[in-house]
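Have a look at the structure below, then the notes.
The values are calculated or read from the model by the stated rules, or taken from the named source; none is laboratory data. Quick caveat: nothing in here was measured; it's all calculated off a predicted structure. Glycine gets a Cβ as well: all are built from the backbone with ideal geometry, and neighbour counts include every protein chain shown.
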Amino acid sequence: MHLRVTTTILIGVLLIGSVVAPLRAAPSEACSLLTQANVSAALGVAIGAGQQIAGPSTCGWSAQGKRVTLTITRPAAGQSPVDRFNSGKTPIIGVTNEPAAGVGDDAYYVYFTKAPNSGTGLVVRKGSFVFEIRVYGFALDQAKTIAKTLAQALTGRV
């Protein structure tokens, strides 16, 4: 009888865990999602610790004229992060959106067509979690590589 009760309790705990695990909230502290070492290695320069920008969902790292920002997409104007991700794919004059393979469930680069050095973004969706990494101070191709490297590191953690 004792074995039966123990087995029943164990099965119950496992079932509850399998239901609750998918309900965990998406990460909300941007600075906790990339390490100083991740960012330094990707940029090729020593970088300081990430600094919160205007709230916990945005973090920035900078050194020697190079800068990276990470923004976790939040619901806004009645749109979920996934809705906002999909809306961001809509072309806008002067802005280039370009598919990016090999990171998350779906991703695209976004940058100003006439000023690609003004910041290159990589917007990534992994499940219902959406974020953007923006890289400043590098030529377009190099910024894309850096953004993808950082996005892959981040998606491996969420």
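Among residues belonging to region 137-158 that are β-branched (Val, Ile, Thr) and outside any loop (DSSP other than H, G, I, E, B), point out the one that is surrounded by the fewest Cβ atoms within 10 Å (Cβ to Cβ). My answer is Thr145. In region 75-97, the residue that is farthest from the chain's Cα centre (by Cα) out of those that are exposed (fewer than 14 other Cβ atoms within 10 Å of the Cβ) and within 30 Å of Gln36 (Cβ to Cβ) is Ala76. Criterion first (touching a residue at least 24 places away in the same chain (Cβ under 8 Å), surrounded by fewer than 19 Cβ atoms within 10 Å (Cβ to Cβ), under 20 Å from Thr58 (Cα atoms) and β-branched (Val, Ile, Thr)) does Val130 satisfy it? It is false that Val130 is touching a residue at least 24 places away in the same chain (Cβ under 8 Å), surrounded by fewer than 19 Cβ atoms within 10 Å (Cβ to Cβ), under 20 Å from Thr58 (Cα atoms) and β-branched (Val, Ile, Thr). May I ask you to say which residue of Thr120, Thr145, Thr73 is more than 22 Å from Ile47 (Cβ to Cβ) and out of contact with any Gly (no Cβ under 8 Å at 6 or more places or on another chain)? It is Thr73. Looking across Ala37, Ala42, Ala26, one residue alone is farther than 15 Å from Thr149 by Cα, at pLDDT below 95 and not acidic (Asp, Glu). It is Ala26.
Among residues of region 97-110 that are under 15 Å from Leu150 (Cβ atoms), those with a Cβ under 8 angstrom from a residue that is among the aromatic types (Phe, Trp, Tyr) and surrounded by 12 or more Cβ atoms within 10 Å (Cβ to Cβ), sequence gap 6+ or separate chain, pair up as Ala100/Tyr108; Ala100/Tyr109.
All of (1) aromatic (Phe, Trp, Tyr); (2) surrounded by fewer than 17 Cβ atoms within 10 Å (Cβ to Cβ); (3) under 12 Å from the mean Cα position of the chain (by Cα) hold for Phe112 with one exception: (3). Residues that are within 7 Å of Ala30 (Cβ to Cβ) and not in a strand (DSSP E or B) within region 47-61 comprise Pro56, Ser57, listed in sequence order.
Residues that are at pLDDT 95 or above number at least 3 in the following strands (runs of 3 or more DSSP E) confined to region 64-136: 66-72, 106-112, 120-126, 129-136.
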